[in-house]
Amino acid sequence: MAIVKMQKLSVCANQKNRKAILETLQNLGTVEIFTDEITDEELHKKDTQRARSEFEKSAESFDKALKLLDAYAPEEKKGLSLFMGRAAIRRSEVDRVSKKSVSLLNDATQILRDEKEISECGGNIIKDRNQIEALLPWQSLGIPMNTERTKTTAVFVGTLPEAITEEQLFAAASKELPEPAPVSVSVLSTTHELTCVTVVCLLRDRQKVEENLRAIGYARPSQMVPEVPAAATIELEKDIELQEKNIEDLKADIASFAGERNDFRIAADYFRSRAEKYKVLGTIPQTKHAFFLEGWVPADQADRIASLLSDNYGALVEKEETRETDVEPTLLKNNRFSQAAEGVLASYGLPQHGHVDPTFIMSIFYVIFFGMMLSDAGYGIVMFVACAIILKKYPALESGTKKMMQLFFWCGISTTFWGLMYGGFFGDAIDVIARTFFGYTGDGIVKALWFEPLKSPMRLLIWCMLFGVIHLYVGLGIKGYEYLKSGDVVGFVSDILSWYAFLTGLILMLVPSDLFASIAGMTFSFPAFVGPLAKILAIGGMLIILVMSGRGRKNWGLRIALGAYDIYGVTGWLSDVLSYSRLLALGLATGVIGNVINMMASMFGGGPVGAILFIVIFILGHTLNIGINALGAYVHTNRLQYVEFFGKFYEAGGRPFNPFQNANKYVEVKEER
Amino acid sequence: MSLGMVFAVLGAALSTLFAGMGSAWGVGMAGQAAAGVVSEDPEQFAKVLLLQLLPGTQGIYGLLVTFITLSRIGILGGTAITDTHTGLMYLFACLPIAIVGLVSAYHQGRTSVACIGLVAKKPDQFGKAMLFPAMVETYAILALLISILTVTNIG
């Protein structure tokens with residue numbers, strides 16, 4: 001319902017208690033420390049950058065080691081990780097882990113080292129495979145590849161750039177040599193692009209033969225091994241086997257640390273929190289014997305924290321007056337229902353101190369509008385049951401996710417309500433099932449408690465706009481409340497009351513008119529006095545706006561012009577109200593698509609095959625529909641709040657409360673008393 | 001079968017055709033951008049998927065109008081049209097969602113692409129990023145409304 005009042009505390013304490021005080025504050029997690037305003041020449045700040053980055057590096061090692069453990073020794077999952085949240089542990093657990101943090105860090109480092117070796121082995125395997133590939137054409141070579149000569153002969157081992165037969169090769173190699181040429185050639189393998197050959201000749205012909213071979217594109221092999229290729233291949237394959245075994249061993253080594261997974265998690269968070277502490281420590285001004293800090297705390301906790309620090313650590317704690325220049329951080333506090341919608345507000349922007357927290361009012365409209373857009377009792381039941389199960393089964397949900405689930409729980413109930421009002425239960429599923437499988441031929445079984453939107457869309461459109469007018473009026477009312485709270489009665493009359501009068505007058509004039517009757521198909525007859533009253537309200541309100549809207553200006557001409565411009569703002573109201581027609585459009589969309597799905601599902605008749613196909617199509621279709629329409633309802637409910645409602649009064653710009661706390665990612669530490 | 005029926009069915013077909021084309025276009029564009037973001041930061045998958053889906057609603061609106069039309073002109077229910085005028089009226093009644101659906105889905109897709117970029121840089125601004133494409137959709141909703149109101153009130 002409100003923004004929590006904040007209190008500024010200033011703390012001055014002895015250096016020897018510095019560690020204990022900081023740890024206490026960190027574990028409490030309710031103080032936002034800031035020290036920018038404490039300046040004095042005698043104060044200095046401690047450089048904690050090195051220690052901090054050391055801790056961050058350790059935390060990161062644990063994070064990486066945990067990821068590797070998950071990869072090589074996957075944990076048995078006890079549910080969807082999305083909803084698992086952080087595990088609750090005791091403070092003594094953290095102490096136990098912190099005592100053996102050095103050996104844990106060694107283990108984590110060992111895991112990272114293993115991983116590095118694994119990737120090195122993987123690299124070696126790839127290298128070996130490439131070499132085997134390159135040796136493939138040389139398999140039939142019976143001598144080491146780098147052989148160049150024997151006692152009396154020269155040996156050429158190499159490649160030619162195209163396919164060639166032994167006869168052609170012999171002819172080319174023995175060119176210009178006396179017949180019979182003492183040259184022996186053999187083609188080892190041949191493809192279009194590459195032919196592997198050996199040529200043997202007498203040592204004395206060496207130069208000539210080499211020239212001949214060069215002329216047809218002879219080259220030494222690109223991958224040379226000093227062994228017989230077949231033997232080399234076997235060696236390489238052995239090496240691959242060895243490396244693969246190495247990798248297996250290393251993986252097993254990593255997996256052997258699986259038992260320490262939990263300790264790793266605690267240690268990771270322990271180091272992260274210490275890094276956080278050193279970050280704050282680095283900003284704290286201190287002298288040789290004392291240190292100083294200031295911080296925001298929720299006002300109702302101020303006394304408790306002050307006495308905690310002064311009693312236990314002899315610190316001097318004072319409550320400070322809030323100065324003009326201070327920007328109080330914003331923390332919201334709402335009842336159990338409305339706090340679910342705090343996330344919606346926060347993603348638009350938090351309110352500033354001194355303004356209204358609209359969460360409560362917004363949450364009511366939010367749930368109603370969401371229900372009107374999704375508006376199917378079946379979908380609503382699915383939604384709130386699913387959310388209830390998740391909330392029950394995973395009590396340790398992250399606070400943001402938890403609020404979201406709570407919000408959708410309420411939205412689900414509202415959806416069920418509106419579904420009953422409109423007569424939608426998985427579209428017209430009950431009627432379709434009765435007709436298809438039970439031969440029912442009468443009228444619709446499911447009756448809408450209110451009316452069916454598709455039968456009289458105009459009527460629902462009018463209602464939607466009415467809800468819109470109420471929503472917008474409430475928004476304007478909140479602005480009026482803020483005017484009154486700051487004592488600005490003139491502003492209240494000229495900016496708020498005038499608009500209420502003007503708009504109400506216009507609506508009262510429009511409703512009984514022929515135009516409205518022909519559009520809506522309904523006629524309203526008000527008592528006789530309403531007509532003149534409406535005119536008085538509209539004209540009175542308009543005059544006030546005309547004269548008072550530009551009241552900040554001295555120049556009357558400008559002032560009236562501004563007023564006239566503001567009256568033109570009534571078109572903005574018109575478009576705002578029309579925007580609520582999405583309540584109708586999205587409600588219709590859910591219902592009609594649901595009907596289409598049911599119709600498709602029932603196309604296969606009433607037999608057993610028909611029943612099976614019905615169930616399959618029914619489940620797939622409605623899952624799709626619930627997904628896409630819930631998304632639509634969510635987006636457009638947000639829009640109605642952000643654009644139409646907030647547009648009337650709300651200014652964001654509050655700074656979120658960011659207390660000094662443990663930076664935990666895996667575990668939630670429970671304090672022991 | 002009268003010429004009126006032909007026009008009415010043409011209208012029904014057009015609304016699914018054009019609105020669906022627009023959505024396919026928009027969702028396709030946004031999907032390409034979303035895939036790019038996920039390749040860098042897989043954790044943003046859920047957020048960019050939602051943003052990708054936003055231009056998909058026009059196709060559904062088109063389907064909706066088609067279904068309502070078909071269920072009134074004697075194809076899925078209702079009574080068959082006998083005169084050309086009524087058929088033409090159905091055709092024109094379908095045009096708002098057909099045309100506005102096409103154009104708005106295309107532009108909503110482009111806005112989604114931009115907002116997916118926004119989420120990639122600042123994941124915490126998701127709430128705002130979702131709102132920009134929703135603004136474009138307003139006009140598809142208005143067109144849908146007019147199409148539905150017209151179709152349900154003909155004859």
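Any read-out appearing in this document is the output of simple, stated calculations on the displayed coordinates, not a laboratory observation. Note that this is a predicted model, so its numbers are computed, not measured. Here the Cβ is made from the backbone with ideal geometry for all residues, glycine too, and neighbour counts use every protein chain on show.
Please compute the average number of Cβ atoms from other chains found within 10 Å of each residue's Cβ in peptide A:595-602.
Working: counts 5, 8, 0, 0, 4, 0, 0, 0.
The shielding value for this peptide is 2.
For the stretch A:37-74 and the stretch A:541-586, compute the distance between their C-alpha centroids and round to whole Å.
Answer, in whole Å: 55.
Would you tell me the mean number of C-beta atoms belonging to other protein chains that fall within 10 Å of each C-beta in A:581-588, as a whole number? Please report the intermediate quantities before stating the final value.
Working: counts 7, 8, 1, 5, 11, 4, 0, 7.
Per residue, the average neighbour count from other chains is 5.
Using a cut-off of 9 Å between beta-carbons, work out the net charge of the residues near residue A:559 (Lys and Arg +1, Asp and Glu -1, residue A:559 not included). Numbers along the way, then the final one.
Working: positive: A:551, A:553, A:554; negative: none.
Every neighbour counted, the sum reads +3.
For the stretch B:109-155, treating each Cα as an identical point scatterer without solvent, what Debye log10 I(q)/I(0) comes out at q = 0.21 1/Å?
For the requested q values the scattering log ratios are -0.68.
Quick one: give the max-minus-min coordinate of the C-alpha atoms of chain A along each principal axis, largest first, in Å.
The Cα atoms of chain A stretch 133, 87, 63 Å along the principal axes, largest first.
Taking the simple approach of a point 7 Å from Cα along Cα-to-Cβ for both residue A:155 and residue A:53, what is their distance in nm?
The answer from the label model is 5.8 nm.
Can you give the mean number of other chain Cβ atoms that lie within 10 Å of the Cβ atoms in peptide B:64-73? Could you put the intermediate results ahead of the total?
Numbers: counts 9, 1, 1, 5, 5, 0, 1, 5, 0, 0.
Per residue, the average neighbour count from other chains is 3.
Run the numbers for residue A:612 and residue A:523: contour at 0.36 nm per residue of separation, minus the present Cα-Cα distance, in nm.
Extra length available between residue A:612 and residue A:523 comes to 27.0 nm.
If amide hydrogens are placed 1.01 Å from N in the peptide plane, which non-local residues have theirs closer than 5 Å to the one on residue A:202?
Counting only residues 5 or more places away or on other chains, the set is A:154.
Taking square-rooted eigenvalues a ≥ b ≥ c of the alpha carbon gyration tensor, is the stretch A:27-176 rounded, prolate or oblate, where a/c under 1.5 means rounded and, failing that, a/b exceeding b/c means prolate?
Details: a/c = 4.27, a/b = 2.85, b/c = 1.50.
Prolate, since a/c reaches 1.5 and a/b exceeds b/c.
Work out from phi, with θ = phi - 60° and the Karplus expression 6.51 cos²θ - 1.76 cosθ + 1.60, the ³J(HN,Hα) of each residue of the stretch A:290-296, listed in order in whole Hz, and give x for Gly and Pro.
Each residue of the stretch A:290-296 in turn: 9, 9, 10, 7, 10, x, 8 Hz.
In whole Å, how far is the Cα centre of the stretch A:299-347 from that of the stretch B:39-93?
The stretch A:299-347 and the stretch B:39-93 have Cα centres spaced 51 Å from each other.
Which residue, chosen from A:68, A:118, A:137, occupies the Cα position most advanced towards the positive end of the dipole of the stretch A:61-159, where the dipole is computed from +1 (Lys, Arg) and -1 (Asp, Glu) charges on Cβ about the Cα centre?
A:68
Once the piece of chain linking residue A:136 and residue A:661 is laid out straight, how much longer is it, given 0.36 nm per residue of separation minus the C-alpha distance between them? Could the numbers behind the result be given before it?
Numbers: separation 525, 0.36 × 525 = 189.00 nm, distance 6.32 nm.
Value of the extension gain: 182.7 nm.
Of the options B:152, B:52, B:38, report the single residue whose Cα projects farthest towards the positive end of the charge dipole of the stretch B:3-153 (beta-carbon charges: Lys, Arg +1; Asp, Glu -1).
B:152
Restricted to Cα positions, what overall size does the stretch A:1-109 have along the principal axes? Three whole-Å values, descending.
55, 44, 24 Å, listed from the longest principal axis down.
Where does the stretch A:322-445 land on Rg(C-alpha)/(2.2 N^0.38 Å)? Don't jump to the answer; show the numbers that get you there.
Numbers: Rg = 19.9 Å, N = 124, 2.2 N^0.38 = 13.7 Å.
Rounded to two decimals, the normalised Rg is 1.45.
Applying the Karplus parametrisation 6.51 cos²θ - 1.76 cosθ + 1.60 with θ = phi - 60° to the phi angles of the stretch A:348-359, what ³J(HN,Hα) value in whole Hz is obtained for each residue in order, glycine and proline being reported as x?
Rounded to whole hertz, the list is 8, x, 7, x, 8, 5, x, 10, 7, 8, x, 4.
Computed over the Cα atoms of the stretch A:452-606, what is the convex hull's projected area averaged over all directions, in nm²? Before the final figure, lay out each step's value.
On the way: hull surface 52.7 nm².
It is 13.2 nm².
Express in nm, to one decimal, how much length is gained between residue A:163 and residue A:337 on full extension, taking 0.36 nm for each residue of separation and deducting their alpha carbon distance. Could the numbers behind the result be given before it?
Details: separation 174, 0.36 × 174 = 62.64 nm, distance 8.23 nm.
That pair, residue A:163 and residue A:337, stretches by 54.4 nm at full extension.
Can you work out the base-10 log of I(q)/I(0) for chain B at q = 0.09, 0.14, 0.18, 0.19 1/Å, using the Debye formula on its C-alpha atoms alone?
Normalising to I(0) and taking log10 leaves -0.34, -0.65, -0.88, -0.94.
Within 10 Å, count the other beta carbons around each residue, average over each peptide in A:181-194, A:285-298, A:486-499, and list them highest first. Walk me through the numbers before you get to the answer.
Numbers: A:181-194: 15.4, A:285-298: 18.7, A:486-499: 16.9.
My ranking of the peptides, most packed first, is A:285-298, A:486-499, A:181-194.
Compute the distance in nm between two label points, each set 7 Å from the Cα along the Cα-to-Cβ direction, one at residue A:535 and one at residue A:220.
Modelled inter-label distance: 11.1 nm.
Measuring from label point to label point, each 7 Å out along Cα→Cβ, what is the residue A:15 to residue A:193 span in nm?
7.3 nm
Kindly flag which residue pairs out of A:57/B:122; A:67/A:670; A:100/A:245 have an alpha-carbon separation exceeding 27 Å in this structure.
Working: A:57/B:122 25 Å; A:67/A:670 25 Å; A:100/A:245 32 Å.
The answer is A:100/A:245.
Based on the Cβ-Cβ distance from residue A:98 to residue A:321, what FRET efficiency comes out when R0 is 41 Å, to the nearest 0.05?
Details: r = 40 Å, r/R0 = 0.97.
Approximately 0.55, to the nearest 0.05.
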